[in-house]
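The values are calculated or read from the model by the stated rules, or taken from the named source; none is laboratory data. Worth saying up front: this structure is predicted, and the values here are computed from it rather than measured. Please note: Cβ atoms are built from the backbone with ideal geometry, for glycine as well, and neighbour counts cover all protein chains shown.
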Amino acid sequence: MAIHPVQVIAVTGGKGGVGKSNVSVNLGIALAEMGRRVVLLDADLGLANIDILLGISSNKTIEHVLQGECDLREVMVKGPCGIRIVPASSGTQKLSQLNSMEHAGLIQAFSEIGDDVDVLIVDTAAGISDTVMSFVRAAQEVLVVVTDEPTSITDAYAQIKLLSRDYGVFRFRVVANMVRSPQEGIALFGKLTKVTDRFLDVAMQYVGAIPQDDAVKRAVQRQKAVLDAYPRAKASLAFKAMAKKVDAWPLPSSPRGHLEFFVDRLVHQVGV
């Protein structure tokens, strides 16, 4: 079994369209540039989009692993700067519906790669479905992506409230995405913490802001990560700065730091 500690980060945000996948991909690339071995799990089991964002394709998904047709290494697709991507399944099989053999198989699959991974980034789907909640509560770090829109702030608050009330998650890291200035990012974090401080018993930490940058849109059109296509763009520099902060987060201690522990928590869902 793997004994190498792995940082498991769930990137989430409640609302769709806030840039979760872009944050996941570019944060992963920035960490890889720092020498970290990064695996990116596309956990949007209904509308997988990491492969589209990066213009890559795979014949196999995590569902093939669950069915015993191949191991996790065969499913992984190489991305920019050596990050490895686990493509999402088609959504025909929810994790909450796995049988005990599939549970064991998934845990074994991840534990086998545990010594070859430093950071696992989990790009969740939008919303507050059971599957999204399961991925988020199983991770050690929860990175909430918000934009300066009332619906984004409201949905992020709703997700934080649900996770703290029903799933025992009390620590959240926040990224302000697509902001016009650093001050706007800080103000956005302030709007969110104004309501969390008043109504919830949670710890909120501001990680930083990613600026509104046309280079991101151009990179998406080229099916590339902005860090890969435009490494000197404002957004790219912000992702690099964020990666330095993330890299300084304390590593999990045993046994919580084992990948199989993450998957074990993932498949033994509360209330399912």
Among residues of the stretch 54-71 being under 21 Å from Ser21 (Cα atoms) and in contact with an Asp or Glu (Cβ under 8 Å, 6 or more places away or on another chain), the residue modelled with the highest pLDDT is Lys60
Residue under evaluation Leu143, criteria (1) in a helix (DSSP H, G or I); (2) in contact (Cβ under 8 Å) with a residue 40 or more places away in the chain, criterion not met | (1)
Please work out if Arg165 is among the basic types (Lys, Arg), closer than 24 Å to Asp130 by Cβ and not in a strand (DSSP E or B).
-> yes
Which numbered condition Tyr167 misses (of (1) surrounded by 20 or more Cβ atoms within 10 Å (Cβ to Cβ); (2) in contact with a Lys or Arg (Cβ under 8 Å, 6 or more places away or on another chain); (3) under 22 Å from Leu41 (Cα atoms); (4) not β-branched (Val, Ile, Thr)) | (1)
In the stretch 170-184, is there at least one residue being more than 30 Å from Glu33 (Cα to Cα) and at pLDDT below 95?
-> yes
Does the stretch 201-238 hold any residues that are closer than 18 Å to Ala30 by Cα and β-branched (Val, Ile, Thr), and which are they?
-> Val207, Ile210, Val216, Val220, Val226
Kindly indicate the residue of the stretch 115-138 that is over 16 Å from Lys161 (Cα atoms) and of a type in the set (Val, Ile, Thr) and also surrounded by the most Cβ atoms within 10 Å (Cβ to Cβ) among those meeting that condition.
-> Thr124
Restricting the stretch 3-32 to residues that are in a loop (DSSP other than H, G, I, E, B) and touching a strand residue (DSSP E or B) at 6+ places or on another chain (Cβ under 7 Å), the one farthest from Gln212 (Cα to Cα) turns out to be Val6
Is there any pair with a first residue in the stretch 192-210 that is touching a residue at least 24 places away in the same chain (Cβ under 8 Å) and in a strand (DSSP E or B) and a second that is surrounded by fewer than 19 Cβ atoms within 10 Å (Cβ to Cβ) and among the basic types (Lys, Arg) whose Cβ atoms are under 6 Å apart and which are 6 or more apart or on different chains, and what are they?
-> Ala203/Arg171; Val207/Lys245
What are the residue pairs meeting all of these: first residue in the stretch 54-75, first residue closer than 20 Å to Val117 by Cα and hydrophobic (A, V, I, L, M, F, W, C), second residue assigned to a loop (DSSP other than H, G, I, E, B) and modelled with pLDDT of 80 or more, Cβ atoms under 6 Å, and 6 or more apart or on different chains?
-> Cys70/Lys60; Val75/Lys60
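Looking at Ile52, is it part of a loop (DSSP other than H, G, I, E, B), out of contact with any Phe, Trp or Tyr (no Cβ under 8 Å at 6 or more places or on another chain), surrounded by fewer than 24 Cβ atoms within 10 Å (Cβ to Cβ) and among the hydrophobic types (A, V, I, L, M, F, W, C)?
No: the conditions fail for Ile52.
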